[in-house]
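The values are calculated or read from the model by the stated rules, or taken from the named source; none is laboratory data. What you see is a predicted model; the values in this text were computed from it and never measured. Neighbour counts run over all protein chains shown; Cβ positions are idealised from the backbone, glycine included. Keep in mind that these areas ignore ligands, DNA and RNA; they rest on the heavy atoms of the full protein, side chains included. Shrake-Rupley method; radii C 1.70, N 1.55, O 1.52, S 1.80 Å.
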Amino acid sequence: MPVKTYVLAGEGQPRPMGFEPASALANAVWMDGDAVPGCMFAQASWIRERCARPGLIRHDSDALLMFCGGDPSRREELGAEIELWIENDRLTLTETCFVYVPAGTAYGNLRVKRLDAPVLYYCTHKTASFYEETPASAAASAGTYADYHVEKYLRDDGVVPEAPEGFLDFLLWIDGKKLPGAPYMEAVWFKSKNDTGPAGHVHDFDEIVGFIGSDPSRPEQLGATVQFVLGERIVTTDRSTLFYIPRGTCHSPIIVPALDRPLLHFSGSNEGDYVRK
């Protein structure tokens, strides 16, 4: 039997993330080493009411966070104001963005000060299969982490991948060139059906590929059908899904034979540069 390399909504066992009230977060999909052996930890959930995550914590792994506005028609707007501290720097987030937190760095005291519409919150760890946190105290000088977030899809090489007209809206791109030390990750909206996709390829890094539905009231439902070629298999899903792709595993294309509403697609790695073979 092949090793399980993906998790569907409802299969993982999410743990409390420290948000108050806990009901503010609606889990879409949770992936850890119990669900997918050897994976990079990742989880996606919807923030559906104003809330806070008090206190500073740290992880032994680099962490990458995404805060994505839930309205695909206003792709760069967060539709919220979120305050997040990294060490002694306060970030005020009002646009869809990535936030990079290096291993051992104190961060937290998150507060959703305004919420006009639900926000998708995604968290992944670069070198850990499980979510683990330790209480922490700020020690770095103010200004050290003030710029550790990235907005918009802007690559240093200026490349924008080709796609059929109307299929993609480009949201975010981060890599080690844009923010030293950060892993590669990108996010886009799928806006329509599609019968083509990237040719099969491999990477020299581990990768997470995600498909998340855009209905916060039904976070486990994709609102579409996605077919993803993974090794020798074609995986078909209509639920929010996270795939873990070990380095050297051939994957793609991605086909979308049915789509009732836009879905969020992202991919990210544990390396700073995106190289496809």
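Lysine pairs, Cα distance under 23 Å, 8 or more residues apart or cross-chain: how many in segment 62-201? For segment 62-201, the number of qualifying lysine pairs is 7.
With r defined as the distance between the Cβ atoms of ASP204 and GLU165 and R0 fixed at 35 Å, what FRET efficiency is calculated, to the nearest 0.05? Efficiency, rounded to the nearest 0.05: 0.60.
Rg to Rh for segment 1-117: what is it, with Cα atoms only and Rh by Kirkwood?
Working: Rg = 15.1 Å, Rh = 15.4 Å.
Radius of gyration over Kirkwood radius for segment 1-117 works out to 0.98.
Directionally averaged projected area (the chain, Cα convex hull): 13.2 nm². Estimated at 0.36 nm per residue, the fully extended path between ASP260 and ASP60 surpasses their Cα-Cα distance by 68.0 nm. Only one residue of GLY223, CYS39, ALA128 has its Cα farthest out toward the positive end of the dipole of the chain, where Lys and Arg carry +1 and Asp and Glu -1 on Cβ, and that residue is GLY223. What translational diffusion coefficient, in µm²/s and rounded to a whole number, does the Stokes-Einstein relation yield for segment 120-277 at 20 °C and a viscosity of 1.002 mPa s, taking the hydrodynamic radius as the Kirkwood radius over Cα pairs? Diffusion coefficient, whole number: 126 µm²/s. Between ARG90 and ASP71, full extension at 0.36 nm per residue minus the direct alpha carbon distance yields a gain of 4.3 nm. The fraction of all Cα pairs in segment 68-134 landing in successive 10 Å bins from 0 to the largest distance is 19, 47, 29, 5, given as whole percents.
Between ASP147 and SER192, residue separation times 0.36 nm minus the direct Cα-Cα distance comes to 12.8 nm. Please report the carbon-and-sulfur percent of the accessible area for the chain; probe 1.4 Å, protein heavy atoms only, DNA, RNA and ligands left out. Whole-percent figure for carbon plus sulfur exposure: 48.
Take the Cα of ASP116, step 7 Å toward its Cβ, do the same at ASP156, and the gap between the two points is 3.4 nm. Among residues other than ALA35 whose Cβ falls under 13 Å from its Cβ, what is the net charge (Lys/Arg +1, Asp/Glu -1)? Its environment carries a net charge of -1.
Compute the signed sum of charges (Lys and Arg +1, Asp and Glu -1) over the other residues within less than 13 Å, Cβ to Cβ, of ASP238.
Charge balance near ASP238 sits at 0.
Between SER137, SER45, SER61, find the one with the highest GNM mean-square fluctuation for the chain; connect C-alpha pairs within less than 10 Å. Comparing SER137, SER45, SER61 in the GNM, the peak value goes to SER137. Using a probe of 1.4 angstrom and keeping all protein chains present, the accessible surface of the chain works out to 43 square angstrom per residue.
For segment 228-270, the direction-averaged projected area of the alpha-carbon convex hull comes to 3.5 nm².
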